[in-house]
């Protein structure tokens with residue numbers, strides 16, 4: 001496992017892109033709220049690794065969408081949802097019914113819905129460039145506190161990831177979850 005800065009990430013962008021597509025590593029990355037743990041959301045084996053790391057067998061994961069266009073192509077965006085989609089990028093996880101299966105089935109096992117984020121953060125641009133959805137879930141084991149700095153990163157999680165993109169302490173909290181599958185419903189954490 002290696003720790004890299006935003007600048008190092010930028011310098012290795014092409015290598016990381018290729019690695020993400022071909023080898024599907026598990027990695028930690030910053031967002032506009034907290035740190036996320038993720039992988040290529042199209043790779044079932046990588047998603048299964050995150051489930052094992054987080055000790056989270058069934059609850060759904062969300063994804064960072066490559067773009068709003070991707071969201072519209074793959075999710076049912078009703079009238080109630082338009083207002084929320086227009087707030088993206090931002091600190092929201094929007095839950096939509098899926099039009100088709102745009103990610104590995106174990107991202108949201110057994111569900112016809114998908115949580116979608118587009119963080120107001122430079123990392124979202126990377127997802128857009130590679131045109132691949134990225135699993136986004138807090139860096140923690142189920143039932144424990146989420147990561148805000150390297151000091152509170154669980155050692156087992158740290159040893160299980162390929163790399164960490166680190167930009168210092170995060171003072172945010174997880175994104176607001178908004179269920180847009182029928183009427184608007186804000187889910188409290």
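The values are calculated or read from the model by the stated rules, or taken from the named source; none is laboratory data. Fair warning: this is a prediction, and the values are worked out from it, not measured in the lab. When we count neighbours, we look across all protein chains shown, and the Cβ atoms used for this are built from the backbone with ideal geometry, even at glycine.
Would segment 146-167 turn up any residue that is touching a strand residue (DSSP E or B) at 6+ places or on another chain (Cβ under 9 Å), modelled with pLDDT of 95 or more, over 21 Å from residue 53 (Cβ atoms) and assigned to a loop (DSSP other than H, G, I, E, B)? Among the residues of segment 146-167, at least one is touching a strand residue (DSSP E or B) at 6+ places or on another chain (Cβ under 9 Å), modelled with pLDDT of 95 or more, over 21 Å from residue 53 (Cβ atoms) and assigned to a loop (DSSP other than H, G, I, E, B), which makes the answer yes. Criterion first (over 14 Å from the mean Cα position of the chain (by Cα), surrounded by 14 or more Cβ atoms within 10 Å (Cβ to Cβ), in contact (Cβ under 8 Å) with a residue 40 or more places away in the chain and closer than 24 Å to residue 3 by Cβ) does residue 160 satisfy it? When the stated conditions are applied, residue 160 passes them.
Per-residue answers, yes or no, for (1) within 20 Å of residue 117 (Cα to Cα); (2) without any contact (Cβ under 8 Å) to a residue 24 or more places away in the chain:
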| residue | (1), (2) |
| --- | --- |
| 2 | no, no |
| 7 | no, yes |
| 10 | no, yes |
| 23 | no, yes |
| 26 | yes, no |
| 32 | yes, no |
| 37 | yes, no |
| 43 | yes, no |
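Checking the stated criteria, residue 171 turns out not to satisfy the condition of being modelled with pLDDT under 95 and within 14 Å of the chain's Cα centre (by Cα). Can residue 104 be described as on the phi > 0 side of the Ramachandran plot and touching a helix residue (DSSP H, G or I) at 6+ places or on another chain (Cβ under 9 Å)? Considered against the rule, which asks whether it is on the phi > 0 side of the Ramachandran plot and touching a helix residue (DSSP H, G or I) at 6+ places or on another chain (Cβ under 9 Å), residue 104 comes out as no. Residues of segment 1-24 that are exposed (fewer than 12 other Cβ atoms within 10 Å of the Cβ), more than 19 Å from the chain's Cα centre (by Cα) and either modelled with pLDDT under 85 or not in a helix (DSSP H, G or I) (or both): 2 alone. Please determine whether any residue of segment 125-135 is over 16 Å from residue 69 (Cα atoms) and in contact with a strand residue (DSSP E or B) (Cβ under 9 Å, 6 or more places away or on another chain). So far as segment 125-135 goes, yes, one or more of its residues are over 16 Å from residue 69 (Cα atoms) and in contact with a strand residue (DSSP E or B) (Cβ under 9 Å, 6 or more places away or on another chain). Looking only at residues of segment 127-157 that are loosely packed, with under 14 Cβ neighbours inside 10 Å and within 17 Å of residue 169 (Cβ to Cβ), we find that the one that is farthest from the chain's Cα centre (by Cα) is 151.
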